[in-house]
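Below is one structure, written out as structure tokens, with a few remarks after it.
The values are calculated or read from the model by the stated rules, or taken from the named source; none is laboratory data. Note that the coordinates shown come from a computational prediction; the quantities given were computed from them, not determined experimentally. Backbone-built Cβ (ideal geometry, glycine too); neighbour counts: all protein chains shown. All accessible areas refer to the heavy atoms of the entire protein, side chains included, with ligands and DNA or RNA removed. Shrake-Rupley method; radii C 1.70, N 1.55, O 1.52, S 1.80 Å.
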Amino acid sequence: VKMADKRELRLVLASPGDVQAERAALVAVVEELNHGLCRGHEVWLDLVRWDMDGAPGFHPDGPQGRLDPVLRIAEGGLLIGIFWKHFGTPTHGVQSGTEHEFLTAYQAWKKQGRPQIMVYFNQRPPALNTAAEAEQLRQMLDFRERFPQEGLAWSYRGKVDFERQVRQHLSHFIVREVPKVASTTKPASRTSRRRTRTA
């Protein structure tokens, strides 16, 4: 199968800034799968991240308004959310940009059955040094308690455990779910392939 004939599946990453190790691990796993399992299933995972695919600028709705057209969450096949001890900066009437991105995916899923949503919570005990950090953790825990009843979130302990689990879950997703979203995907472009490798 030629690369140009493969279906592109947008995978949007939503996370605060305290899970950089997990973000890097996800990039590595996506790269590994694109050059392995995905080849046999005629699909290409196009990983989209605000910090790699966005650009500085102004928007009447603030930073998130600048990023939403880039992320195009409702058009994606999958959103992965990662949380630990931070929740982020308030935006769009919610407590963080990550929450906004999750809710955008959730509302789209309720209307059209996609994107699928995988959310991970790091169970490694955090070291909190300030009241602001404690408040961030409280907001994250509150979000977890309000997690939609239709969803199944996943726990992990640290970067190595996350990498192992997300590799397994994405592999299962490619095998079991990709055929269901085939009609909503498009052939992978050279641009998207370069971005995934260098993100």
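Tell me whether region 42-102 comes out rounded, prolate or oblate; compute the Cα gyration tensor, take square roots of the eigenvalues as a ≥ b ≥ c, and use a/c under 1.5 as the rounded threshold.
oblate
Given a 1.4 angstrom probe, what's the average accessible area per residue across region 1-159, in square angstrom?
Accessible surface, normalised per residue, equals 48 Å².
Would you mind checking which residues have amide H under 5 Å from residue 6's amide H? H placed 1.01 Å from N; only 5 or more apart, or other chain.
Residues meeting the amide H criterion: 188.
Ignoring ligands, DNA and RNA, please state the percent of accessible area on region 64-107 from carbon and sulfur, probe 1.4 Å.
58
Rounded, prolate or oblate: which fits region 6-75 when a ≥ b ≥ c are the square roots of the eigenvalues of the alpha-carbon gyration tensor, with rounded for a/c under 1.5 and prolate only if a/b beats b/c?
Because a/c hits 1.5 or more and a/b fails to exceed b/c, region 6-75 counts as oblate.
So I have (i) 42, 40, 37; (ii) 55, 40, 33; (iii) 45, 33, 26, and one of them is Cα extents along the principal axes in Å calculated from this model. Which one is it?
Read-out from the structure maps to (ii).
Out of residues 5 or more away from residue 46 or on other chains, whose amide H comes under 5 Å of its own, with H placed 1.01 Å from N in the peptide plane?
The answer is 9, 10, 11.
Going through region 23-131, which trypsin sites (Lys or Arg not before Pro) have at most 16 other Cβ atoms within 10 Å and a DSSP loop state?
Here the sparse-neighbourhood loop sites are 72.
Counting only pairs 8 or more places apart or on different chains, how many lysine pairs in the chain have C-alpha atoms closer than 22 Å?
Lysine pairs, 8 or more places apart or on different chains, close enough: 8.
For region 134-178, what class follows from the C-alpha gyration tensor (a ≥ b ≥ c being the square roots of its eigenvalues): rounded when a/c is under 1.5, otherwise prolate if a/b is larger than b/c, else oblate?
oblate
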